[in-house]
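Enquirer: Before I ask anything, here is the structure I am working with.
The values are calculated or read from the model by the stated rules, or taken from the named source; none is laboratory data. Source: prediction; values computed, not measured. All Cβ positions, even for glycine, are placed from backbone atoms using ideal geometry, and neighbour counts span all protein chains on display. For the accessible areas, the whole protein counts, side chains as well, though only heavy atoms, and no ligand, DNA or RNA atoms are used. Shrake-Rupley method; radii C 1.70, N 1.55, O 1.52, S 1.80 Å.
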Amino acid sequence: MDRHAWKLFLQRWSEEWRIAHPDEESDGEPWLGCPPATEDEVQALEARLGCVLPPSFREFLLVTNGWRHAGKFVWSLRGTEEIGWLTDLEPMWAEAYADWDEEDAEPAAARSLLISLEADAGVVYLDPGDVDERGEWAAYDVFSWTAMGPDRHGSFYEKVYDFYAGFHALDRPPCETQREWDAKVEDARLASLRGEVDRPLTVFAQAARFGRDRASFLHLQMRTLLREEDDDPFYRLLTNSDSRSWTLDEDLFAAHEQARRFGSGSTLQFLRDRGPQRVKHLLGRYQARRKEPGFRLCFGNPEFDVAAHAALDAGEDAWPLLRDALVHWRPLHEDHLAPIALLADPRAARLITPERGRELLATRRG
């Protein structure tokens, strides 16, 4: 990223931060950065370090010689006078993660450049031993309270963009960036119903990073049908006070019980015990239905439900009939993207492999 692009990006971030924190003291300017470093200051830093800085970080310093409120529990980044090697400035961190990279003769932490100034029991650093074809150094952050190792990104810019996304996910400023993501999510939702798979998956994943809960829910449905395992956002989605009110039917929960797990028990049990009242009521009604004589799972709208049950009753011919039944499927509400309720039936769960799940998603639906 060049100087001009950095300036535009950081200016936007600054303005959005002020929207999210209107009561914070301000000097009248929304800028979260510092005065830019001069070329002489950057060259002096490079001479002191004995190396040329990676391009995106060098250009960043020439726009702002330090940064405040980086997000994700990093409160400030260092300027040219404060940057130095991690082993010199914070040897405890270098020692603590010296054995993390077992396959690397010299662990990244032992050779890296410390660029964070203030953080919540954590550090951000750049690794000169991990360089790509553009000359960018890999960037890491690590926090002791996560009980996890360093989080790697391909460049300083990628790390800063991750911080920016994290700021949106945590603070959720009502701003143009959120509106842009919401528009992209709606476009991706319609594309998914037309049979696109990879582009909607990418859009939903990126939008979810920015705290767009609708994207998390849509992404969850696609990944569930693809039989992919991932951290489960379902409970957070339903209980987040900033989320829209989802119109969910009980059969989606039934599918969720079969398809996903929360710790050592089912997500369904977790929601039954600790979910909001409206979800508990929905689950209780579903559990009561299961005890009724002649109960059978409902896979969605009546036409699809009849066709899907007929397909599953067909034995060896079940898969082609189930695939053909998709022509009858209709979403039960605007955020119902895929027939994941099928996975509540063990027969369908065995039939729908990741490849077949992709085939279903690649079919025009609704």
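Enquirer: Hey, if we sort Lys291, Lys159 by accessible area with the 1.4 Å probe, largest down, what's the order?
Expert: Lys291, Lys159
Enquirer: In straight Cα distance, which lysines are under 25 Å from Lys72, not counting same-chain residues fewer than 8 positions off?
Expert: Output for Lys72: Lys7, Lys159, Lys184.
Enquirer: Follow-up. Give the distance, in whole Å, between the Cα centre of the stretch 285-309 and the Cα centre of the stretch 328-350.
Expert: Using only Cα atoms to place each centre, the spacing works out to 12 Å.
Enquirer: Let me ask something else. Could you give each residue of the stretch 8-17 its phi-based ³J(HN,Hα) in whole Hz, using Karplus coefficients 6.51, -1.76, 1.60 with θ = phi - 60°, and x for Gly or Pro?
Expert: 5, 5, 6, 5, 5, 4, 4, 5, 5, 5
Enquirer: Under 5 Å between amide H atoms, partner at least 5 residues away or on a different chain: which partners does Val124 have, H built in plane at 1.01 Å?
Expert: Long-range HN contacts for Val124: Ile115, Ser116.
Enquirer: Let me ask something additional. Note down the accessible area of Glu82, probe 1.4 Å, to the nearest 10 Å².
Expert: 80
Enquirer: Follow-up question, since we're still on this one. Keeping all protein chains in position, work out how much accessible area Met92 exposes to a 1.4 Å probe, and write it in Å² to the nearest 10.
Expert: 120
Enquirer: Give the residue list of chymotrypsin sites (Phe, Trp or Tyr not before Pro) in the stretch 265-341 that are DSSP loop and have at most 11 other beta-carbon atoms within 10 angstrom. Numbers along the way, then the final one.
Expert: Working: sites: Phe270, Tyr286, Phe295, Phe299, Phe304, Trp329; in loops: Phe295, Phe299, Trp329.
Taking the stretch 265-341 and a limit of 11 other Cβ atoms within 10 Å, the loop chymotrypsin sites (Phe, Trp or Tyr not before Pro) found are Phe295.
Enquirer: With a cap of 11 neighbouring Cβ atoms within 10 Å, and only residues DSSP puts in a loop, list the GluC sites (Glu not before Pro) found in the stretch 128-163.
Expert: Counting only loop positions with at most 11 other Cβ atoms within 10 Å, the GluC sites (Glu not before Pro) in the stretch 128-163 are Glu133.
Enquirer: Residue by residue through the stretch 336-352, which ³J(HN,Hα) values in whole Hz follow from phi under the Karplus form 6.51 cos²θ - 1.76 cosθ + 1.60 (θ = phi - 60°), with glycine and proline marked x?
Expert: 8, 10, 7, x, 6, 4, 4, 6, 6, 8, x, 5, 5, 4, 6, 6, 8
Enquirer: Right, another one. For Leu32, which sequence-distant residues (separation of 5 or more, or a different chain) have an amide H within less than 5 Å of its own amide H, given hydrogens modelled in the peptide plane?
Expert: The answer is Ser14.
Enquirer: What is the stretch 1-53 by shape, rounded, prolate or oblate, if you read a ≥ b ≥ c off the alpha carbon gyration tensor as root eigenvalues and call it rounded for a/c under 1.5, prolate for a/b larger than b/c, and oblate otherwise?
Expert: Here the stretch 1-53 falls in the prolate category.
Enquirer: How large is ³J(HN,Hα), in whole Hz, for each residue of the stretch 145-150 in order, when computed from phi with the Karplus curve 6.51 cos²θ - 1.76 cosθ + 1.60 and θ = phi - 60°, using x for Gly and Pro?
Expert: For the stretch 145-150, the Karplus curve yields 6, 7, 6, 10, x, x Hz.
Enquirer: Thr177 accessible area, nearest 10 Å², 1.4 Å probe?
Expert: Only protein atoms counted, so the area is about 10 Å².
Enquirer: Give me the net charge of Val185's neighbourhood, meaning all other residues with Cβ under 9 Å from the Cβ of Val185; Lys, Arg count +1, Asp, Glu -1.
Expert: +1
Enquirer: Then there is this: Show the residues, 5+ positions off or on another chain, whose built amide H is closer than 5 Å to the amide H of Trp85.
Expert: It is Leu114, by chain and number.
Enquirer: Next question. Grab the other residues whose beta carbon is less than 12 angstrom from that of Leu62, score K and R as +1, D and E as -1, and report the net.
Expert: The answer is -2.
Enquirer: According to the square roots a ≥ b ≥ c of the eigenvalues of the Cα gyration tensor, what is the shape class of the stretch 289-366, taking rounded for a/c under 1.5, prolate for a/b larger than b/c otherwise, and oblate for the remainder?
Expert: The shape class here is oblate.
Enquirer: With a/c under 1.5 counting as rounded, go ahead and sort the stretch 44-191 into rounded, prolate or oblate using the C-alpha gyration tensor (a ≥ b ≥ c being the square roots of the eigenvalues; past the cut-off, prolate if a/b is larger than b/c, else oblate). Could you put the intermediate results ahead of the total?
Expert: On the way: a/c = 1.80, a/b = 1.60, b/c = 1.13.
In terms of gyration-tensor shape, prolate.
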